[in-house]
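Each value in this text was obtained by applying a stated rule to the coordinates, not by laboratory testing. Owing to the predicted nature of the structure, the values given are computational and were not obtained by experimental measurement. We place every Cβ from the backbone using ideal geometry, glycine too, and count neighbours over all the protein chains shown.
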Amino acid sequence: MAGRPSTGQAVELLQAELETGRQALGGLDAEGAWRAFLRFAWLRFDLTDTPDADGLLFQYGTYAFDGPAVFMVDLTRQFEIADRQGDHDHFLQVHCELRFGAAPALLALGSFDSWFFHGGGGDLDEWAEAMSGREGWARIRTLKPAGIRVHQERV
């Protein structure tokens, strides 16, 4: 749609939200990153008009993607990318990974994930409130991550 940013701008826009009012990502706690992600979540992008074209994923757990196992919160936005005929080609995922190490209290939280899709008929504010109200989030929200990684991948 005209006037909306392209998915090619998504990482830059998320990075800008994370840096709003801060000199660097190093000063951000989990709640600050979540609030920045929600501002990013409200931006609408130039996408096809299908129910799963624009999704948000809130997940946490212990993962060992590229080294030793660490507790992570992964805030992801997934875009459906269509080919020239308008058919599904692939998904583009933009991640904001908060890494916390392997503290036993965090590892004990286990794992959790929840999706929201802009075209799915739900309410973004209600979903965000439900995620913010989770008991696990109450333990994570004030923690400062050991690292924050923003990246995108084609899936």
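Mean residue ellipticity at 222 nm, helices only, the chain: -7500 deg cm²/dmol; runs of at least 4 DSSP H residues each add -39,500 (n - 2.57), and the sum is divided by the number of residues. Derived value for segment 7-154: Kirkwood hydrodynamic radius 15.9 Å. Basis is the mean of 1/r over every pair of different alpha-carbon atoms. In this structure, the amide hydrogen of GLY147, modeled 1.01 Å from its nitrogen in the peptide plane, lies closer than 5 angstrom to those of ARG99, counting only residues at least 5 positions away or on a different chain.
Among the trypsin sites (Lys or Arg not before Pro) in segment 1-100, which ones are in a DSSP loop with at most 10 other Cβ atoms within 10 Å of the Cβ? Mind listing them?
Values: sites: ARG22, ARG35, ARG39, ARG44, ARG77, ARG84, ARG99; in loops: ARG22, ARG44, ARG84.
Answer by residue number: ARG84.
Farthest toward the positive end of the dipole of the chain, out of TRP115, LEU38, GLN78, is the Cα of LEU38, where the dipole comes from beta carbon charges about the Cα centre.
Only bridges with both residues in segment 7-154 count here: give the DSSP antiparallel percent, nearest 5.
Details: 35 of 35 bridges.
Expressed as a percentage, antiparallel bridges in segment 7-154 total about 100.
If you average the alpha carbon positions of segment 84-103 and of segment 123-155, how far apart do those two centres end up, in angstrom? Centre-to-centre (Cα) distance: 14 Å. Sequentially through segment 4-15, phi angles give Karplus couplings (6.51, -1.76, 1.60; θ = phi - 60°) of 9, x, 7, 5, x, 9, 4, 4, 4, 5, 5, 4 Hz, Gly and Pro residues having no value and appearing as x. Remark on PHE91: its backbone amide H falls under 5 Å from those of ILE81, VAL155, a criterion applied only to residues 5 or more positions apart or on other chains, H modelled at 1.01 Å from N.
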